[in-house]
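Participant: Starting off with a structure, shown below.
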Amino acid sequence: MDNKMYNKLGICDEVVKFSEKIISELKERFDKIDETAEYNQLKVISAMQENRVNATCFAATTGYGYDDVGRDNLEKVYASCFGTEAALVRPQITCGTHALAVALSAILRPGDELLSPVGKPYDTLEEVIGIRESKCSLKEFGITYSQVDLLADGSFDYDGIKAAISEKTKMVTIQRSKGYQTRPTLSVSKIGELIAFIKSIKPDIICMVDNCYGEFVEKIEPSNVGADMIVGSLIKNPGGGLAPIGGYICGTSECVEKCAYRLSAPGLGQEVGANLGIMPSFYQGFFMSPTVVSGALKGAIFASRCYEKLGFKVVPDSTESRHDIIQAVELGSKERMVAFCKGIQAAAPVDSYVTPEPWAMPGYDSDVIMAAGAFVQGSSIELSADGPIREPYAVYFQGGLTWYHAKLGIMMSVQKLYEADLIDRSIILNS
Ligand SMILES: *Cc1c(COP(=O)(O)O)cnc(C)c1O
């Protein structure tokens, strides 16, 4: 490798050598990731061909958006690709939390109970459900919530789940990704086992999977193993970095129709919702997504191996199988977290000159640091890192639209720690 460009960007020869050595050890894993990306690329192309995608699909509509061919066809493409009867894919779904809130409130009615059999859901859902008090929460509408935590070894508490299912249990929410927790991420096949177990107890329970950060990491999705609905954000994996907004819900026709009625209005459903010219980015983003996800995954594994070598705890470790794109690194001190984030920021194509600093954020009991230099604001399929400044001083790192950018970001984080003498420099020098 010619180091000149890396040197120009501020990375020294020692860090380049350390990185290249690690990458040479990861060849087999990267080959597996490429194979999955290739399979998923074909899956997307096949779905697009099946639904005869053509230039009229890219036209803008305004107003009510009646007869929006591009919008309707994109939903068919998602449904074909994820193996569902129907799909709702809309710029009017503002983010992942919104998509999940729509799906929950479309299905649940007063007196019903929602069950999470995989522990606490993602932070923002606490207010949606009413775990934390909020206006307009499901709780305010008389919908109750119960939760069964995973066992200490990360497996399902089948006895607890069985005991928690009652006449009232209408819906189950299963979060695939660990999010910002320390539990393991669930594989699609594990999710399938859980759904089968739940349906064996009460077959009419609607099983929804929060699929955020999981799309295209494996060759199958939770919709292929019995989920009634899968839900996610277009500024994560399936938007491929090109979608500037949006969310999706794929599932049975009955569920998706209810979600559409909830999103727009009863009676209107999927018939309305102009696309305002956004379709090219939705189609092209979905097309790019398997490749983008593969780059992000390589970045996560590279980061994992780098920091493992430097003596830090990483979750998952560099040999575990992957079911989402998030990588946690426990850095053990505030100074290291700041240096790491400075590196990610300094490697960005946008806002690289900005210095991330910890600050107090609403909803957190400690300061938080974030690094991101994204084309789409808040997009976490783009290279980004963040974490609360508290024990164990872990940064959560994800994304990268290309493998080369993810690689640069991680190298830059190592460089910043190296320069500030916050890591054992001999490990770098002796690599
Ligand atoms: C990101 C995320 C969400 C929420 O999505 P937003 O687009 O941030 O609202 C929900 N669940 C999981 C697991 C996520 O990773």
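The values are calculated or read from the model by the stated rules, or taken from the named source; none is laboratory data. None of these values were measured; they are calculated from a predicted model. Because the Cβ atoms are built from the backbone with ideal geometry, glycine has one as well, and the counts that use them run over all protein chains shown. In case anyone asks, the SASA skips ligands and DNA or RNA and just uses the protein heavy atoms, side chains included. Shrake-Rupley method; radii C 1.70, N 1.55, O 1.52, S 1.80 Å.
Participant: Report yes if GLY241 is on the phi > 0 side of the Ramachandran plot, at pLDDT below 95 and within 16 Å of the ligand (Cβ to nearest atom), otherwise no.
Facilitator: no
Participant: Could you give every pair whose Cβ atoms fall below 8 Å, whose first residue belongs to segment 220-236 and is within 19 Å of VAL292 (Cβ to Cβ), and whose second residue is open to solvent by 40 Å² or more (accessible area, probe 1.4 Å) and within 14 Å of the ligand (Cβ to nearest atom), counting only separations of at least 6 or pairs across chains?
Facilitator: SER233/CYS95; LEU234/ILE245; ILE235/CYS95; ILE235/PRO244; ILE235/ILE245; ILE235/GLY378
Participant: Mind telling me which of the residues LYS17, LYS76, LYS32 ends up being within 24 Å of the chain's Cα centre (by Cα), open to solvent by 20 Å² or more (accessible area, probe 1.4 Å) and touching a residue at least 24 places away in the same chain (Cβ under 8 Å)?
Facilitator: After applying the criteria, what remains is LYS76.
Participant: If you go through segment 165-182 one residue at a time, how many are more than 16 Å from the ligand (Cβ to nearest atom) and of a type in the set (Gly, Ala, Ser)?
Facilitator: 1
Participant: Among the candidates GLY299, GLY273, GLY295, single out the residue that is open to solvent by less than 10 Å² (accessible area, probe 1.4 Å) and farther than 21 Å from VAL44 by Cα.
Facilitator: GLY299
Each row is one residue, and each column tells you yes or no for (1) in contact with a helix residue (DSSP H, G or I) (Cβ under 7 Å, 6 or more places away or on another chain); (2) touching a residue at least 60 places away in the same chain (Cβ under 8 Å).
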residue	(1), (2)
LYS342	yes, yes
PRO349	no, no
TYR364	no, no
ALA371	yes, no
GLU391	no, no
PHE397	yes, yes
GLY400	yes, yes
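Participant: For segment 183-198, indicate whether the set of residues that are away from the ligand (no atom under 15 Å from the Cβ), in contact with a Gly (Cβ under 8 Å, 6 or more places away or on another chain), open to solvent by 10 Å² or more (accessible area, probe 1.4 Å) and not in a loop (DSSP other than H, G, I, E, B) is non-empty.
Facilitator: Among the residues of segment 183-198, at least one is away from the ligand (no atom under 15 Å from the Cβ), in contact with a Gly (Cβ under 8 Å, 6 or more places away or on another chain), open to solvent by 10 Å² or more (accessible area, probe 1.4 Å) and not in a loop (DSSP other than H, G, I, E, B), which makes the answer yes.
Participant: Scanning for something open to solvent by less than 40 Å² (accessible area, probe 1.4 Å), out of contact with any strand residue (DSSP E or B) (no Cβ under 7 Å at 6 or more places or on another chain), more than 15 Å from MET208 (Cβ to Cβ) and not in a loop (DSSP other than H, G, I, E, B), does segment 255-267 turn up at least one residue?
Facilitator: Within segment 255-267 (the criterion being open to solvent by less than 40 Å² (accessible area, probe 1.4 Å), out of contact with any strand residue (DSSP E or B) (no Cβ under 7 Å at 6 or more places or on another chain), more than 15 Å from MET208 (Cβ to Cβ) and not in a loop (DSSP other than H, G, I, E, B)), the answer is no, since none of the residues qualifies.
Participant: As an exercise: evaluate VAL148 against (1) open to solvent by 50 Å² or more (accessible area, probe 1.4 Å); (2) touching a Gly at 6+ places or on another chain (Cβ under 8 Å); (3) away from the ligand (no atom under 16 Å from the Cβ) and give the number of the one condition it does not meet.
Facilitator: That leaves (1) as the condition not met.
Participant: Please identify the pairs in which a residue from segment 313-336 that is assigned by TED's automatic domain parsing to the domain that holds PRO388 has its Cβ atom under 8 Å from the Cβ atom of a residue that is open to solvent by less than 50 Å² (accessible area, probe 1.4 Å) and among the acidic types (Asp, Glu), counting only partners at least 6 apart or on another chain.
Facilitator: Within 8 Å, the pairs are LYS313/GLU330; VAL314/GLU330; VAL315/GLU330; HIS323/GLU218.
Participant: What about LEU114, is it aliphatic (A, V, I, L, M), surrounded by fewer than 22 Cβ atoms within 10 Å (Cβ to Cβ), in the same structural domain as ILE220 (by TED's automatic domain parsing) and more than 11 Å from the ligand (Cβ to nearest atom)?
Facilitator: So LEU114 fails the test.
Participant: Give the residue, chosen from LYS178, LYS168, LYS202, that is under 23 Å from GLU254 (Cβ atoms) and open to solvent by less than 60 Å² (accessible area, probe 1.4 Å).
Facilitator: Answer to the check: LYS202.
Participant: A follow-up question, please. Output the number of residues of segment 110-162 satisfying the condition of being touching a residue at least 60 places away in the same chain (Cβ under 8 Å), small (Gly, Ala, Ser) and assigned to a helix (DSSP H, G or I).
Facilitator: Qualifying residue count for the region: 0.
Participant: What is the residue count in segment 63-109 for residues that are among the β-branched types (Val, Ile, Thr), more than 16 Å from the ligand (Cβ to nearest atom) and part of a helix (DSSP H, G or I)?
Facilitator: Residues that pass the stated criteria total 3.
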